[in-house]
Amino acid sequence: MTTDGTRPASDRAPAPGTTPRAPGVRHHPDAATALDGLLRDGMTIAVGGFGLCGIPADLIEAVRDSGVRGLTVVSNNMGVDGKGLGLLLESDQVDKVLSSYVGENKLFAQRYLDGDLEVEFVPQGTLAERLRAGGAGIPAFYTATGVGTPVAEGKPVEEFDGRRYVLERGIVADLALVHAHRADPYGNLTYRFTARNFNPLVATAGRVTVVEAEILQDDPLDPDVVVTPGIFVDRLVPARPRVKDIEQRTVRPRAVGVGAPTPAGKDA
């Protein structure tokens, strides 16, 4: 976005290989093409998903393959080792992370402990609200979460009605990467179950928003099911079919006889 608030010319004119199917939304054949002209060193990228659930995997891999460096990444967490945003850590493309959870990524934790990666820990609800505020044009807000903890260090604290609140800034990213279940030609989006997570918030918080969708339908979505209106979406790309990884699988053996028909003459 330029300093006068308009889209750059590269975002207004159709690029080779794209199909402008609706005003304001450009459709691309693959993730690399969708990110063409948008990536640069040192930019801030907000990424939807929660762990490995609902992550824009194709777009993340395209960022990795681009070789862009010095990134600030805003995301609930950084995936796991070797998957999701963990790929960008392994390729040493990230300098700073705004996140609420280190959790399953050993490299993320180790690089933070070694002082090799700057991490701003943000309580999960506060991170969600900072993204929502940024997308709504709200520069800052007060919250009681984090008062009296390291989260509030260096931030203004005020008292309202006898309770102390810390000032948190809204987040506006240079680029937002989103995974949706279904999109229509106008960029309206729906999400599938818990894969919704941070994606709708991230979609609103980017100066430019690129979405990969599992289903790109030709007909407009029913307005009653739209979660993210197309006004927030700049570029669309079909998500490649892939196995959806599960971070931790906890199962137990099915008990013998469970679900089997009861023999005739026996009490159920």
* With θ set to phi - 60° and the Karplus curve 6.51 cos²θ - 1.76 cosθ + 1.60, what are the ³J(HN,Hα) couplings of the stretch 112-117 in order, to the nearest whole Hz, using x for Gly and Pro? -> 5, 5, 7, x, 8, 9
* Asked: In terms of solvent-accessible area of protein heavy atoms at a 1.4 angstrom probe, what is the ranking of Asp234, Asp95, highest value first?
  -> Asp95, Asp234
* **Ranked order, Tyr101, Tyr165 - accessible area, probe 1.4 Å, largest first** => Tyr101, Tyr165
* Tally up the carbon and sulfur contribution to the accessible surface of the chain as a whole percent, 1.4 Å probe, everything protein left in place. => 52 percent
* Asked: So how do Lys83, Lys96, Lys244 rank on accessible area, 1.4 Å probe, biggest first, that is with the largest at the start?
  -> Lys244, Lys83, Lys96
* Structure fact -> Computed for the stretch 122-197: size of charge dipole around the Cα centre, +1 on C-beta of each Lys and Arg, -1 on C-beta of each Asp and Glu, debye to nearest 20, value 300 debye
* To do: Please report, in Å, the Rg and the Dmax of the stretch 179-233, where both are computed over Cα atoms only.
  => 10.0, 27
* Given only helices, namely DSSP H runs of n ≥ 4 each adding -39500 (n - 2.57), what is the per-residue ellipticity at 222 nm of the chain, to the nearest 500 deg cm²/dmol? -> -4500 deg cm²/dmol
* To the nearest 20 debye, what is the magnitude of the charge dipole of the stretch 31-166 about its Cα centre, counting +1 on the Cβ of each Lys and Arg and -1 on the Cβ of each Asp and Glu? -> 280 debye
* **Built amide H within the under 5 Å cut-off of Leu189, gap 5+** => Val227, Thr228, Gly230
* In Å², what does the accessible area per residue of the chain work out to with a 1.4 Å probe? -> 53 Å²
* **Amide H partners (placed H, <5 Å) of Val208, local residues excluded** => Leu175, Ala176
* To do: Note down the accessible area of Met43, probe 1.4 Å, to the nearest 10 Å².
  => 0 Å²
* Out of the DSSP beta bridges found with both residues in the stretch 169-245, what percent are antiparallel (nearest 5)? -> 20 percent
* Asked: Once you charge only the Cβ atoms, +1 for Lys and Arg and -1 for Asp and Glu, what is the size of the charge dipole of the chain about its Cα centre, to the nearest 20 debye?
  -> 540 debye
* Histogram of C-alpha separations across the stretch 33-137, 10 Å bin width, % -> 15, 51, 30, 3
* **Antiparallel bridge percentage (DSSP; both residues within the chain; nearest 5)** => 35 percent
* Farthest toward positive dipole pole in the stretch 81-138 [+1 Lys/Arg, -1 Asp/Glu at C-beta], among Gly115, Leu98, Leu127 -> Leu127
* To do: With a bin width of 10 angstrom, please list the P(r) values of the stretch 34-75 as percents of all Cα-Cα pairs, from the 0 bin to the one holding the largest distance.
  => 27, 60, 14
* To do: Provide the FRET efficiency to the nearest 0.05 for the Lys155-Arg252 pair, computing r from the beta carbons and using R0 = 45 Å.
  => 0.50
* To do: Jot down the radius of gyration and Dmax of the stretch 21-91, Cα atoms only, both in angstrom.
  => 12.5, 39
* Asked: Using a 1.4 angstrom probe and counting only protein chains, how large is the accessible area of Thr126 in Å², to 10?
  -> 10 Å²
* For Cα extents along the principal axes in Å, the listed values are [x] 75, 71, 33; [y] 51, 38, 34; [z] 81, 53, 42; which was obtained by calculation from the structure presented? -> [z]
* Structure fact -> Shape descriptor, the stretch 73-129: equivalent ellipsoid semi-axes (Cα gyration tensor, sqrt 5λ, whole Å, largest first) stand at 17, 12, 10
* Structure fact -> With every protein chain in place, the accessible area of Asp116 for a 1.4 Å probe, in Å² rounded to the nearest 10, comes to 90 Å²
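The values are calculated or read from the model by the stated rules, or taken from the named source; none is laboratory data. The shown structure was predicted, so the numbers you read here are calculated from the model rather than taken from an experiment. When we count neighbours, we look across all protein chains shown, and the Cβ atoms used for this are built from the backbone with ideal geometry, even at glycine. Side chains included, ligands, DNA and RNA excluded: accessible areas come from the protein's heavy atoms. Shrake-Rupley method; radii C 1.70, N 1.55, O 1.52, S 1.80 Å.
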